[in-house]
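Everything on this sheet refers to the single structure shown next.
The values are calculated or read from the model by the stated rules, or taken from the named source; none is laboratory data. The model shown is predicted, which means the values in this text are computed figures rather than measured ones. Here the Cβ positions follow ideal geometry from the backbone for every residue, glycine too, while neighbour counts run over all protein chains shown. The accessibility values were calculated without ligands, DNA or RNA, using every heavy atom of the protein model including side chains. Shrake-Rupley method; radii C 1.70, N 1.55, O 1.52, S 1.80 Å.
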Amino acid sequence: MKRFLKTAALTLASVIMLSACGGGSADQLAKVNGQVITKDDFKRTLSLYSPSYELQFGPTVWEMEIEPGVTFAQKFQEEIYEKMITDKVLEEAATEEGITVTDEEVEKDFEELSATLKQQEAFKKMMDENKIDDEYLKGQIKKDKTIQKFFDKKMEESKVSDEEAKKYYDEHIEDFTKSEVKASHILISTRDEATQAPLSDAEKAKKKEEAEAILKQAKSGKNFAELAQQHSQDPGSAKLGGDLGYFDKKRMVPEFSEVAFALKVGEISDLVETEYGYHIIKLIDKKEAEVESFESVKQGIKDNLEYDKYNALVEELKGKAKIERSEENLKKVEEEIAKEREQKAKADQEASAPAEGEQNAENTEGTENTEATDSTK
């Protein structure tokens, strides 16, 4: 879920950033070089994106846990907040470089956006509820295009040569070496089964003792697949005797991969601790390493290096900017949004439930039909 914002509907690409406006200190969530981001700014930005996610994943998406102890809503709000701050910095930098957007460019994008939004009832309803009119949308389109032009300009200035790409390739040849192993594992989890929260130190110590006892059996020659089926707490692989299939180094967490790739075929590891718990790994097979040619990865290297340069510039600009975050106010707004979402879900549930009178009428009708049927017997 690290890039989960990219799944937002493309129709909203032009309405990412909200304009800064005045507001009391209680409504101020951040200030960037004197420009204020208010509670209303933040809530409107969230409302622009929310329908996309609800349409794609359903209204319960906000309660989904995408990281241990972190819901989709929390991550979504955190990323939107940081994006709004970054966009303020970039908009100012673009203006300082003389980057402009014409009214004709705005009108063209607005017409395309309007045609799409008018076909989406959820977006139309959202816009009405949040008082988002045509002029407001045009303002956001202009700001977004300004930032896009700044991005395009800086990417053009950051072009990477073939020589630079080759140097990176040679220095990071391991990243382009495809090596895979096949392994099985037994996991003794150190997370609460229901909440996925980390266990206490005392509970974790008991889990380690349990894992050590299983490790002793595995090392003494007991069938590894049977041990995995009996004891592993990885639901995906336990029923398969712990089999994880073939995987490369990037697929597993670093601690796991480091040990798995260092084992010899048939060898069983000692306990390997990761954020998920204690693992016992058995290496089943190794594939001979294959190195991708420079030509096949050259363009990808160039793209990544150019993005790295741009991202470094963004961080530099943010470092120079005067950014004041109001974390306490942000927390209050997030709690307010959570309550509003809960109330809306409750109202929708009540609206979809049949009224008591209708339910009684249906029951009565069913009874009358039954009686009528019985009278014919």
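Could you list, in sequence order, the residues of segment 58-78 that are assigned to a helix (DSSP H, G or I), of a type outside the set (Gly, Ala, Ser) and crowded, with 16+ Cβ neighbours inside 10 Å? Talk me through it step by step, then tell me what you get.
Keep residues of segment 58-78 that are assigned to a helix (DSSP H, G or I), which gives 59-63, 72-78.
Still in the list and also of a type outside the set (Gly, Ala, Ser): 59-63, 72, 74-78.
Within segment 58-78, 61, 62, 72, 74, 75, 76, 77 qualify.
Could you identify the single residue in 145, 131 that is outside any helix (DSSP H, G or I), open to solvent by 20 Å² or more (accessible area, probe 1.4 Å) and either free of Cβ contacts under 8 Å to residues at least 24 places away in the same chain or touching a helix residue (DSSP H, G or I) at 6+ places or on another chain (Cβ under 7 Å) (or both)? Break it down stepwise before answering.
On the way: 145 fails: outside any helix (DSSP H, G or I).
Result: 131 is the single residue among 145, 131 that is outside any helix (DSSP H, G or I), open to solvent by 20 Å² or more (accessible area, probe 1.4 Å) and either free of Cβ contacts under 8 Å to residues at least 24 places away in the same chain or touching a helix residue (DSSP H, G or I) at 6+ places or on another chain (Cβ under 7 Å) (or both).
For segment 309-335, enumerate the residues that are closer than 24 Å to residue 26 by Cβ, over 22 Å from the mean Cα position of the chain (by Cα) and open to solvent by 50 Å² or more (accessible area, probe 1.4 Å).
Answer for segment 309-335, where residues must be closer than 24 Å to residue 26 by Cβ, over 22 Å from the mean Cα position of the chain (by Cα) and open to solvent by 50 Å² or more (accessible area, probe 1.4 Å): 322, 324, 325, 328, 332.
Taking the conditions exactly as written (crowded, with 20+ Cβ neighbours inside 10 Å and at pLDDT below 95), does residue 55 satisfy them or not?
In short, no.
To keep it simple, each residue is scored yes or no on (1) in a helix (DSSP H, G or I); (2) free of Cβ contacts under 8 Å to residues at least 40 places away in the same chain; (3) on the phi > 0 side of the Ramachandran plot.
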site	(1), (2), (3)
135	yes, yes, no
149	yes, no, no
159	no, no, no
170	yes, yes, no
183	no, no, no
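Output the residues belonging to segment 116-128 that are in a helix (DSSP H, G or I) and exposed (fewer than 15 other Cβ atoms within 10 Å of the Cβ). Lay out the reasoning, then the answer.
First, pick out the residues of segment 116-128 that are in a helix (DSSP H, G or I): 116-117, 121-128.
Within segment 116-128, 116, 121, 122, 124, 125, 128 qualify.
Which of the residues spanning segment 300-335 are touching a helix residue (DSSP H, G or I) at 6+ places or on another chain (Cβ under 8 Å), modelled with pLDDT of 95 or more and of a type in the set (A, V, I, L, M)?
Within segment 300-335, 301, 305, 313, 314, 317, 321, 323 qualify.
Yes/no matrix, rows are residues, columns are (1) touching a Gly at 6+ places or on another chain (Cβ under 8 Å); (2) closer than 30 Å to residue 339 by Cβ; (3) without any contact (Cβ under 8 Å) to a residue 12 or more places away in the chain:
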position	(1), (2), (3)
66	no, yes, no
71	no, yes, yes
83	no, yes, no
87	no, yes, no
98	no, no, yes
105	no, no, no
112	no, no, yes
115	no, no, yes
